[in-house]
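Written out below as structure tokens is the structure these notes cover.
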Amino acid sequence: MGLTVRVEKRIAKDFPGRDGQIVGELLAELVHHLTERGDREDKERIAAATLLCGRGRVDRLLDAVQLAKEDWRDVLAGAGLADQGWRERLEADFGPAV
């Protein structure tokens, strides 16, 4: 699984230019890592949470990627996507699923 369209659009918005390409590669690698580990959680949700935790800064995103690899639940909590209502929050921040 690669990144969804709405995550890719948010990457372009938050990280214009070369940074966006690097961030996209980092998040795609994270999704691949989670898939290989057999994590069943929604990969888009984890990628989106990681992106939100980055807050438009590559250094913060790198920290969030590392945290997600260690325990993705911490990233969900940090981004406000861990609790009930996370789907609405995701749609508010990223737009509707395609």
Taking semi-axes √(5λ) of the Cα gyration tensor in Å as the quantity of interest, determine which of (1) 25, 13, 10; (2) 31, 15, 8; (3) 17, 16, 13 was computed from the displayed structure.
(3)
CD proxy, 222 nm, the chain: helix-only mean residue ellipticity via -39,500 (n - 2.57) per DSSP H run with n ≥ 4, per residue, nearest 500, stands at -24000 deg cm²/dmol
Rounded to the nearest whole Å², what accessible area per residue is found for the chain with the 1.4 Å probe?
58 Å²
By the mean-Cβ-within-10 Å protection proxy, highest first, 55-61, 42-48, 9-15 rank as 42-48, 9-15, 55-61
Residues of the stretch 1-22 with the amide nitrogen closer than 19 Å to a label point 7 Å from the Cα of Asp39, along Cα-to-Cβ, please.
1-8, 11
Mind checking the dipole of the chain: about its Cα centre, +1 per Lys or Arg Cβ, -1 per Asp or Glu Cβ, Debye to the nearest 20?
260 debye
How large a share of the accessible area of the chain, in percent, is made up of carbon and sulfur atoms when the probe is 1.4 Å and the other protein chains stay in place?
48 percent
Full-stretch length increase - Lys9, Leu62 - with 0.36 nm per residue and alpha-carbon distance subtracted
17.2 nm
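The values are calculated or read from the model by the stated rules, or taken from the named source; none is laboratory data. Because the structure is a prediction, the values reported are computed rather than measured. Don't worry about glycine lacking a Cβ; one is built from the backbone with ideal geometry, like all the others, and counts go over all protein chains shown. Side chains included, ligands, DNA and RNA excluded: accessible areas come from the protein's heavy atoms. Shrake-Rupley method; radii C 1.70, N 1.55, O 1.52, S 1.80 Å.
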